[in-house]
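The values are calculated or read from the model by the stated rules, or taken from the named source; none is laboratory data. Keep in mind that this is a model prediction, so the values were computed, not measured. We place every Cβ from the backbone using ideal geometry, glycine too, and count neighbours over all the protein chains shown.
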C-alpha cells in the first residue's frame with residue numbers, strides 16, 4: 001500500500017541527505033565517530049525509508065537485488081583484497097601498507113590533538129569504504145529477503 | 001517441580017552474572033597496559049585520529065573481517081530459507 | 001613462492017576459503033561445473049596449506065602469526081612492556097592437528113555434496129556456507145586471541161544453523177536450524193561474558209598473557225564456569241545435548257558429517273581454555289572430575305537414548321553424543337592428574353592421547369556413517385528403520401562402508417575406534433576401574449545398537465518398493481571410500497600416528513609454560 | 001559498591017533476557033530475550049573499559065588526552081553487528097516456521113520430539 005503524498009514527498013526530500021550523511025560517516029571514519037558499519041547502516045536506512053513511503057512492490061521493482069548483491073560481493077572482495085595486498089608489500093596479513101607512503105591517505109600523523117586530515121590513515125579509509133559498500137548491500141538484501149518472506153514471495 | 005527447577009537455574013545464573021559488580025571496580029581497572037599502548041602509539045601506527053577505528057580496522061582488523069563474514073553468512077542463510085524450492089525437490093515429511 | 005606460502009600459512013589458511021566463499025556468488029553465475037571445480041579447488045588448497053602448516057609446526061615448533069605487524073613472527077612491539085597488542089595466531093601441535101583433519105573432512109564433504117546435492121536449488125549459498133563453516137572451524141582452532149575465538153565461534157554457529165535449515169522440509173529443518181542457531185548463540189554470548197570478565201581484570205585478550213596473569217579470583221571461577229557451560233553446549237555434551245539429535249538428523253548428510261567437526265572445535269576450545277589459559281592455577285582435581293562426570297554422563301545417556309531410536313540419523317546423532325563422552329573422559333583424567341607428575345607419566349598422558357586420538361577417529365568414522373546414512377536417504381527417501389530392509393542387495397558398496405564405520409565406532413580391531421578406545425580403557429583403568437568398566441559397557445551397547453541398525457537396513461529379502469534403487473553416484477562413493485581408507489589406516493598404524501601427531505598435541509596442551517613462552521618469550 | 005552500578009545493570013539485563021527466554025512461549029519473544037542478553041553483554045564490555053574522567057578516544061579536536069580504553073569499544077562495535085546479524089537470521093527462521101506451521105508457540109513445536 002502507498003503512504004500519503006506528504007510522506008512520499010518527505011522521503012524524496014530526505015533521501016539525498018541520508019545518502020550524503022551516510023557517505024560522510026563512512027569516509028570520515030578515521031577522524032570522527034563512525035566508520036564503515038555505521039555509515040553503511042545509515043545508507044541502508046534509505047532503503048527502509050523507501051519501503052515505508054512506497055509499497056514493497058515498487059521498491060522491489062526499483063531497487064534491484066542484483067545491484068545489492070554485487071555491491072555486497074564487491075565490498076567483501078575489496079576488503080579482503082586490500083588486506084591480502086599487504087602480503088605482497090612484505091607485511092603480515094592486514095598490514096597497513098599505505099601508511100606513511102605520502103600518496104593518497106598516506107600522510108603521517110604525529111601524536112596529539114589535531115584538527116584531522118582526510119588523507120591520513122593508510123588502508124583504514126579504504127577498508128571503511130569497502131565495509132560501507134558491503135554493509136549497504138547486506139542490510140538491503142536482508143531487508144528485501146525478510147520483507148519478501150513476509151509477503152509470501154519466496155525467491 | 002519444573003518451576004522449582006527453573007527458579008533454581010535462574011538463581012544460580014543471578015549469582016553468576018551479578019558477581020562482576022563485586023570483583024571489578026568501575027573507572028579504575030587494575031591493568032591498562034594494552035590500551036595505554038594503543039592510545040600512545042595508535043596515531044603514529046595506524047594514522048587514524050579515531051583510535052576506535054584504528055583498533056577496529058588496524059590492530060584488530062582481522063576481527064572486523066570476521067564480522068563482515070558473519071554478515072555475509074547471515075545474508076546467505078536468510079536467502080536460503082526464503083528461496084523457492086525447485087520442482088524436483090520433494091520436501092521430506094518428518095515422521 | 002613456497003617460502004612465501006609457508007611464512008604466511010596461518011593467514012592464508014583463513015583467507016583463502018573466505019575469499020572462495022566471497023567470490024562464490026560471482027563464480028556461481030558461470031554454471032554448475034565451474035562452481036563445483038572452484039569449491040573443490042579451494043577446499044583442496046586449504047587442506048594443502050593446513051598440511052604444510054602442520055608440517056612446519058611438527059618439525060620446527062609452534063608458529064606465531066601477528067596480524068597487521070611488519071613481520072608475522074614479532075608478536076610483541078618494542079615498547080609495549082612485553083605484551084602482544086595485535087591479534088596473534090598461536091598454532092601449536094594441537095591446533096595444527098585439528099586444522100589438518102577439519103580441512104580434510106571439509107574437502108571430503110564438499111566432494112560428497114557435488115553428487116548428493118545435485119538436484120537441490122540454492123547451491124551457491126550451500127557451498128559458500130560450507131566454506132564459511134570451514135573458516136569458522138579453522139579460525140577457532142588456530143587463534144590465540146579470545147575475542148577472535150568468539151568471532152569465529154559465531155561464524156561457525158551461524159553457518160552451521162543456516163546449513164541445518166537448508167532442506168527446509170516443510171519447516172522442520174528450519175526448526176532444527178533455529179534450535180541450533182539459538183542455543184549456539186546463547187553459548188557464544190556466555191563465552192563473551194566470560195571474556196569480558198577476564199578482560200576487565202587483566203586488560204588483555206591474548207590467551208598467553210591472561211594465562212601469565214591468572215590469579216584465579218572469584219571472577220575467574222565464574223568466567224571458567226561460563227566457558228565450560230558455553231563450550232560444552234557447543235560440543236553437545238550431556239546435559240546440554242538436546243540440540244544434537246535435531247540438528248544432526250535434519251541437516252543434509254554431508255553437512256552432518258561436517259557438523260561433527262564443528263562441534264569438536266567447541267571441544268577443542270574447552271580443552272584450550274582449561275589447559276592453556278587456566279592450567280595449573282585451576283583447582284584441577286575438582287574441574288577434572290567435573291569433566292569426567294560430563295564425559296561419563298554423555299557416554300551413558302547418549303547410548304541409552306540411541307538404542308530405541310527409529311530414525312537412523314537421529315540414532316547416529318545420539319551415538320555422536322556418546323562418543324564425545326570418551327574424549328571428555330580421556331582428557332578429564334589427564335586434567336585430574338595435571339599437577340601430579342608421576343601419575344601423569346603413569347597414565348595421564350596416555351589418557352589424554354587417547355582422548356585426542358578419539359577426536360580425529362570419531363570425525364572419520366562418524367563422518368563415514370553419516371555419509372552412508374545420507375546415501376541411503378538419497379536413494380530410498382526415508383530414514384525410518386522400520387521401512388527399510390534388503391538394501392544389501394542393491395547398495396553393496398554403501399553396505400561395506402557402513403560395516404567399516406559401525407565396527408570402528410564399536411571399537412572392534414583393526415579399525416581406528418579400537419586403537420583410541422584401547423588407550424582410554426588402559427589408562428582409565430589405572431585411574432578408576434569402575435569408570436573403565438562403564439566405558440566398556442557403553443562400547444558393547446554401541447555394538448549391539450549398530451548390529452540392529454545393520455540388520456534393519458541391509459538384511460532381509462529385497463523389497464519391491466526399492467526395486468529401482470541402485471548404487472549412489474561415484475563422487476559420493478569416492479568420499480565415503482576416502483574416509484573408510486583413513487579409518488582402516490589409522491586402525492592399522494596407530495603407533496606411528498600417536499607418536500608423530502597425537503603425542504605432540506597432548507604435550508602442547510599439558511605444557512602451559514611452553515604455550516605462554518611461545519607468545520611472550522622465555523619466562 | 002554503588003559506583004559499580006553499570007556492572008550490576010549489565011548482569012541484570014542478562015538475567016532479564018534469560019528469564020524471558022525461559023518463561024516466554026512465543027518464538028519472537030524468545031529471540032527478543034536473546035537480544036536482551038546481547039545488550040547486557042555489550043554493556044558489560046563497554047563498562048569494563050571506562051577510566052574515570054576519560055573522554056572518547058578520538059584525537060580530532062579532543063578536549064583532553066586522558067581517554068577511556070579503545071579495545072572494548074571496538075569489541076562492542078563488532079559484537080553489535082554480530083548481534084544484529086544473528087537476530088536477523090533467527091527471525092527469518094521464525095518467519096519461515098510460523099508460515100509453515102501456522103503457529104509461533106514453542107510448546108506446539110512437537111515435530112522434532114521422538
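Might you check whether a residue that is in contact with a helix residue (DSSP H, G or I) (Cβ under 8 Å, 6 or more places away or on another chain), part of a loop (DSSP other than H, G, I, E, B), at pLDDT below 95 and closer than 30 Å to residue C:87 by Cβ occurs anywhere in region D:30-47? No, region D:30-47 contains no residue that is in contact with a helix residue (DSSP H, G or I) (Cβ under 8 Å, 6 or more places away or on another chain), part of a loop (DSSP other than H, G, I, E, B), at pLDDT below 95 and closer than 30 Å to residue C:87 by Cβ. Based on this model, can you work out whether residue D:88 counts as more than 8 Å from chain C (Cβ to nearest Cβ), within 19 Å of the chain's Cα centre (by Cα), surrounded by 16 or more Cβ atoms within 10 Å (Cβ to Cβ) and free of Cβ contacts under 8 Å to residues at least 24 places away in the same chain? Answer is yes for this residue. When region D:20-29 is limited to residues that are more than 8 Å from chain C (Cβ to nearest Cβ) and in a helix (DSSP H, G or I), the one that is surrounded by the most Cβ atoms within 10 Å (Cβ to Cβ) turns out to be D:20. Those helices (runs of 4 or more DSSP H) of region C:410-505 in which at least 2 residues are under 26 Å from residue C:309 (Cβ atoms), considering only elements entirely within it, cover C:416-431, C:433-458, C:474-492.
The requirement of being part of a helix (DSSP H, G or I), more than 10 Å from chain C (Cβ to nearest Cβ) and in contact (Cβ under 8 Å) with a residue 40 or more places away in the chain is satisfied by residue D:107. Of all residues in region B:56-71, which are in a helix (DSSP H, G or I), closer than 25 Å to residue C:158 by Cα and touching a helix residue (DSSP H, G or I) at 6+ places or on another chain (Cβ under 6 Å)? Passing the criteria: B:56, B:57, B:63, B:64, B:66, B:67, B:68, B:69, B:70, B:71. Among the residues of region C:202-249, those identified as assigned to a helix (DSSP H, G or I) and free of Cβ contacts under 8 Å to residues at least 40 places away in the same chain are C:202, C:213, C:218, C:219, C:221, C:222, C:223, C:225, C:226. Annotation note: of C:92, C:79, the sole residue that is farther than 30 Å from residue B:79 by Cβ and surrounded by 24 or more Cβ atoms within 10 Å (Cβ to Cβ) is C:92. Pick from A:129, A:123, A:80: which is under 19 Å from the mean Cα position of the chain (by Cα), touching a residue at least 24 places away in the same chain (Cβ under 8 Å) and within 14 Å of chain C (Cβ to nearest Cβ)? Every option except A:123 fails the conditions. Quick check on residue C:315: is it within 14 Å of chain D (Cβ to nearest Cβ), assigned to a helix (DSSP H, G or I) and either touching a helix residue (DSSP H, G or I) at 6+ places or on another chain (Cβ under 9 Å) or touching a residue at least 24 places away in the same chain (Cβ under 8 Å) (or both)? In short, yes. Tell me yes or no: at least one residue of region C:7-28 is surrounded by fewer than 21 Cβ atoms within 10 Å (Cβ to Cβ), within 14 Å of chain A (Cβ to nearest Cβ) and not in a helix (DSSP H, G or I). Checking region C:7-28: at least one residue is surrounded by fewer than 21 Cβ atoms within 10 Å (Cβ to Cβ), within 14 Å of chain A (Cβ to nearest Cβ) and not in a helix (DSSP H, G or I).
Specify the residue that is surrounded by the most Cβ atoms within 10 Å (Cβ to Cβ); the eligible residues are those in region C:95-150 that are more than 27 Å from residue C:191 (Cβ to Cβ) and under 15 Å from the mean Cα position of the chain (by Cα). Filtering first and then ranking leaves C:108.
Okay, residues lined up against (1) more than 28 Å from residue B:9 (Cβ to Cβ); (2) surrounded by fewer than 19 Cβ atoms within 10 Å (Cβ to Cβ):
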{"residue": "D:16", "(1), (2)": "no, yes"}
{"residue": "D:48", "(1), (2)": "no, no"}
{"residue": "D:56", "(1), (2)": "yes, yes"}
{"residue": "D:63", "(1), (2)": "yes, yes"}
{"residue": "D:68", "(1), (2)": "yes, no"}
{"residue": "D:79", "(1), (2)": "no, no"}
{"residue": "D:96", "(1), (2)": "yes, no"}
{"residue": "D:103", "(1), (2)": "no, yes"}
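For region C:381-398, the set of residues classified as part of a helix (DSSP H, G or I), under 20 Å from residue C:309 (Cα atoms) and away from chain B (no Cβ under 14 Å) consists of C:391 only. Filtered by the rule that a residue be under 19 Å from residue C:273 (Cα atoms) and part of a helix (DSSP H, G or I), region C:331-345 gives C:331, C:332, C:333, C:334, C:335, C:336. If residue C:186 satisfies every condition in (1) crowded, with 24+ Cβ neighbours inside 10 Å; (2) within 7 Å of chain D (Cβ to nearest Cβ); (3) within 22 Å of the chain's Cα centre (by Cα) but one, which is the exception? Result: residue C:186 passes all but (1). In region A:24-33, what residues are surrounded by fewer than 24 Cβ atoms within 10 Å (Cβ to Cβ) and either touching a helix residue (DSSP H, G or I) at 6+ places or on another chain (Cβ under 6 Å) or without any contact (Cβ under 8 Å) to a residue 60 or more places away in the chain (or both)? Scanning region A:24-33 gives A:24, A:25, A:33. Residue C:285 satisfies every condition listed in (1) in a helix (DSSP H, G or I); (2) buried (at least 21 other Cβ atoms within 10 Å of the Cβ) except (2). Scanning region B:1-22 for residues that are assigned to a loop (DSSP other than H, G, I, E, B) and over 24 Å from the mean Cα position of the chain (by Cα) returns a single hit, B:1. Scanning region A:110-120 for residues that are in contact (Cβ under 8 Å) with a residue 12 or more places away in the chain and either closer than 30 Å to residue C:15 by Cα or exposed (fewer than 13 other Cβ atoms within 10 Å of the Cβ) (or both) returns A:118, A:119, A:120. For residue C:46, the test of being under 26 Å from residue C:354 (Cα atoms) and either in contact with a strand residue (DSSP E or B) (Cβ under 6 Å, 6 or more places away or on another chain) or surrounded by 18 or more Cβ atoms within 10 Å (Cβ to Cβ) (or both) is failed.
Residue by residue, here is whether (1) under 22 Å from residue D:89 (Cβ atoms); (2) in contact (Cβ under 8 Å) with a residue 12 or more places away in the chain; (3) within 14 Å of chain C (Cβ to nearest Cβ) holds:
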position: A:48; (1), (2), (3): yes, yes, no
position: A:84; (1), (2), (3): no, no, yes
position: A:95; (1), (2), (3): no, no, yes
position: A:141; (1), (2), (3): yes, yes, yes
position: A:144; (1), (2), (3): yes, yes, no
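Consider region B:23-49 and keep the residues that are at the interface with chain D (Cβ under 10 Å from one of its Cβ atoms) and assigned to a loop (DSSP other than H, G, I, E, B). The one that is surrounded by the most Cβ atoms within 10 Å (Cβ to Cβ) is B:48.
Counted as qualifying within region C:63-179 are no helices (runs of 4 or more DSSP H), as none has 3 or more residues that are without any contact (Cβ under 8 Å) to a residue 12 or more places away in the chain. Go through (1) within 8 Å of another protein chain (Cβ to nearest Cβ); (2) in a helix (DSSP H, G or I); (3) more than 21 Å from residue C:160 (Cα to Cα); (4) at pLDDT 90 or above for residue D:100 and report which single condition fails. Status for residue D:100: all satisfied but (4). Does residue C:352 satisfy the criteria of being touching a helix residue (DSSP H, G or I) at 6+ places or on another chain (Cβ under 9 Å), crowded, with 24+ Cβ neighbours inside 10 Å and touching a residue at least 60 places away in the same chain (Cβ under 8 Å)? Here the answer is yes, as residue C:352 does meet what is asked.
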